[in-house]
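Where a number appears in this text, it was derived from the coordinates with a stated rule and is not lab data. Here the structure is a predicted model, which means the values were calculated and not measured. So basically every Cβ, Gly included, is an ideal-geometry build from the backbone, and we count neighbours across all protein chains shown.
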Amino acid sequence: MAHTYDPTNIFARILRGEIPNKTVMESAHTLAFHDINPAAATHLLVIPKGPYVTYDHFAAEASAEEIVDFHRTLAALCASLGLTPGAGYRVITNAGEHGMQEVPHFHMHLIAGRVLGRLVERE
C-alpha cells in the first residue's frame, strides 16, 4: 500500500513551528504534546518527527533509531507521569478512514486518568 504524506497536515505544521502546542517531551525524533480536545485528564499525542502516515508506514520505513527513540520516549512519558499497568492507561493509534484517523500523520494517543471503558464496541 502506498503512503502519501501530506505536508500540510496539522502535525507537520506543529513540527515546523507554524502552530503552537503544549509540549510535554521532545527528543531527537519524537514530539509529545497535550491533545487540544482531551478525552481524559491525561491525553497526550506522541508523534514521530518524520513524515509517516500510519503505524505500519512508520514500522516499515522509519530508521531503527527513529523507532527506538519513539518507543523509548513513550516509555519515558509513562514513567514521568507515574502511569503504571496498575493505575491503567491506554495507547491508541488510528489508521485510515475505517480506523477513524483524523490527522494523516502517524501518532499515538496516551490516555489515562479515568476508567476508559471498552476500546471497541462489539456488534
Does any residue of region 28-41 turn out to be crowded, with 19+ Cβ neighbours inside 10 Å, in contact with a Leu (Cβ under 7 Å, 6 or more places away or on another chain) and β-branched (Val, Ile, Thr)?
no
Suppose the filter is outside any loop (DSSP other than H, G, I, E, B) and within 24 Å of residue 115 (Cβ to Cβ); does residue 71 pass it?
no
Among (1) farther than 28 Å from residue 3 by Cα; (2) without any contact (Cβ under 8 Å) to a residue 24 or more places away in the chain; (3) not polar (S, T, N, Q); (4) not in a loop (DSSP other than H, G, I, E, B), there is one condition residue 31 misses while meeting the rest; what is its number?
(1)
Between 65, 97, which is surrounded by fewer than 16 Cβ atoms within 10 Å (Cβ to Cβ) and assigned to a helix (DSSP H, G or I)?
65
Within region 44-59, is even one residue more than 16 Å from the chain's Cα centre (by Cα), exposed (fewer than 14 other Cβ atoms within 10 Å of the Cβ) and over 18 Å from residue 9 (Cβ atoms)?
no
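In region 79-89, how many residues are touching a strand residue (DSSP E or B) at 6+ places or on another chain (Cβ under 8 Å), surrounded by fewer than 17 Cβ atoms within 10 Å (Cβ to Cβ) and not in a loop (DSSP other than H, G, I, E, B)? Steps first, answer last, please.
Step one: list which residues in region 79-89 are touching a strand residue (DSSP E or B) at 6+ places or on another chain (Cβ under 8 Å), which gives 80-81, 83, 87-89.
Now narrow it down to the ones that are surrounded by fewer than 17 Cβ atoms within 10 Å (Cβ to Cβ): 80, 87-88.
Remaining after also requiring not in a loop (DSSP other than H, G, I, E, B): 80.
Of the residues in that region, 1 qualify.
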Here is a list of conditions, (1) over 14 Å from the mean Cα position of the chain (by Cα); (2) at negative phi, and residue 17 meets all of them except one; can you say which number that is?
(2)
Looking at region 1-28, which of its residues are free of Cβ contacts under 8 Å to residues at least 60 places away in the same chain and β-branched (Val, Ile, Thr)?
4, 8, 14, 19, 23, 24
For residues that are surrounded by 13 or more Cβ atoms within 10 Å (Cβ to Cβ), out of contact with any helix residue (DSSP H, G or I) (no Cβ under 6 Å at 6 or more places or on another chain) and assigned to a loop (DSSP other than H, G, I, E, B), tally how many sit in region 100-123.
5
Within the set of pairs 6+ apart or on separate chains, which have a first residue in region 78-95 that is free of Cβ contacts under 8 Å to residues at least 40 places away in the same chain, a second that is of a type in the set (Gly, Ala, Ser) and surrounded by fewer than 13 Cβ atoms within 10 Å (Cβ to Cβ), and C-beta atoms under 9 Å apart?
93/99
